[in-house]
Amino acid sequence: MGSSSYRERLATIVSETSLLVSAVDGADLSVPVPSCPDWTLNQLLRHVGHAHRWVAQMVGERFPEIDRSLSKAHSVSGYAGETADVLGPWLTEGAALISDTLLAADPQDMIAVVLPGVPGPDFWSRRMAHETVVHRWDAAQALGLPFEVAPSLADDGLHEWMTTIQRIIFTLRPEATPLLGTGVLYFEATDTGAQWTVDLTGNTAQVTEGEQQWSASLRAPAFDLLLTLLQRRPPADLEATGDHALLNNFLGAMRF
């Protein structure tokens, strides 16, 4: 599970950006993005492109750790009135830049580090691949377009969330701390067979593959699970069992 290679993730950044550019071709970029309520489609596209360039800079210049002060990805409120004719080539250029920069790096190099002991290039290859996938979904929803993603890619995104994203959330988000000492949650991807257990009964969240005795469970295709964990789909749309209050509290605190 979650077995996409480094090169495959870099190819995903490029291919998903290309699909995103195609989706917005000729679109009104002033439309709001329901899943990112503070942004228009124009601002969402700028967010994606700036994120790609930020990571490329950190890896290319071999920053030892992440430097959030350099990121323009969340400073997009001033963008308005742009067209897909302008932003399409800019997005394509940024995707090529991050792909080429990461391809030239050693995946296991300890640069642009986010989590202690986790090599930056390897982390960012997966993070930016799934960042691009999910924001393509955001754009498709805003425009009322169909969306498809390969189950294997969705499974890799779920793997990323379970192995790294939840660690970041519990490290950076104080609102997640009250969850510790509560219960055990189980997540099952019905299309890929992936199984994950999140044990919150101790002083830290313990995530393991497979099913253990649980207090609440959520079952759905891998990408639907991922969207729910990313607060883009309500758990009521999926197969939820057990302690619904625990599940809702957990999902509500998983802002990323």
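Bear in mind these aren't lab numbers, they're just calculated from the coordinates by the rules spelled out. What you are looking at is a predicted structure, and each value in this text was computed from that prediction instead of being measured. No Cβ is skipped: glycine too gets one built from the backbone with ideal geometry, and neighbour counts run over all protein chains shown.
Tabulated data for the structure shown
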{"read-out": "Failed condition for residue 102, given (1) in a helix (DSSP H, G or I); (2) more than 19 Å from the chain's Cα centre (by Cα); (3) under 22 Å from residue 164 (Cβ atoms)", "value": "(2)"}
{"read-out": "Residue list for the range 216-248, restricted to those being among the polar types (S, T, N, Q) and surrounded by fewer than 18 Cβ atoms within 10 Å (Cβ to Cβ)", "value": "231, 241, 248"}
{"read-out": "Number of the condition not met by residue 225 [criteria: (1) of a type in the set (A, V, I, L, M); (2) more than 30 Å from residue 22 (Cα to Cα); (3) part of a helix (DSSP H, G or I)]", "value": "(2)"}
{"read-out": "Answer from 77, 69 - the residue that is in a loop (DSSP other than H, G, I, E, B), more than 17 Å from the chain's Cα centre (by Cα) and farther than 23 Å from residue 157 by Cβ", "value": "77"}
{"read-out": "Pair list, Cβ < 6 Å and 6+ apart or interchain, from the range 113-136 residues that are at negative phi to residues that are among the acidic types (Asp, Glu) and outside any loop (DSSP other than H, G, I, E, B)", "value": "113/65; 126/160; 130/160; 132/16; 133/16; 136/16"}
{"read-out": "Search result, residues across the range 143-188 that are surrounded by fewer than 17 Cβ atoms within 10 Å (Cβ to Cβ), of a type in the set (Gly, Ala, Ser) and not in a helix (DSSP H, G or I)", "value": "144, 150, 181"}
{"read-out": "Which listed residue, of 55, 48, 86, is part of a helix (DSSP H, G or I), surrounded by fewer than 14 Cβ atoms within 10 Å (Cβ to Cβ) and among the aliphatic types (A, V, I, L, M)", "value": "86"}
{"read-out": "Residue satisfying all of: in the range 228-241; part of a loop (DSSP other than H, G, I, E, B) and not charged (D, E, K, R); farthest from residue 133 (Cα to Cα) among these", "value": "238"}
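Condition check ((1) free of Cβ contacts under 8 Å to residues at least 60 places away in the same chain; (2) over 25 Å from residue 248 (Cα atoms); (3) of a type in the set (Asp, Glu)) across all residues:
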{"position": "139", "(1), (2), (3)": "no, yes, no"}
{"position": "143", "(1), (2), (3)": "no, yes, no"}
{"position": "149", "(1), (2), (3)": "no, yes, no"}
{"position": "160", "(1), (2), (3)": "no, no, yes"}
{"position": "171", "(1), (2), (3)": "yes, no, no"}
{"position": "175", "(1), (2), (3)": "no, no, yes"}
{"position": "179", "(1), (2), (3)": "no, no, no"}
{"position": "182", "(1), (2), (3)": "no, no, no"}
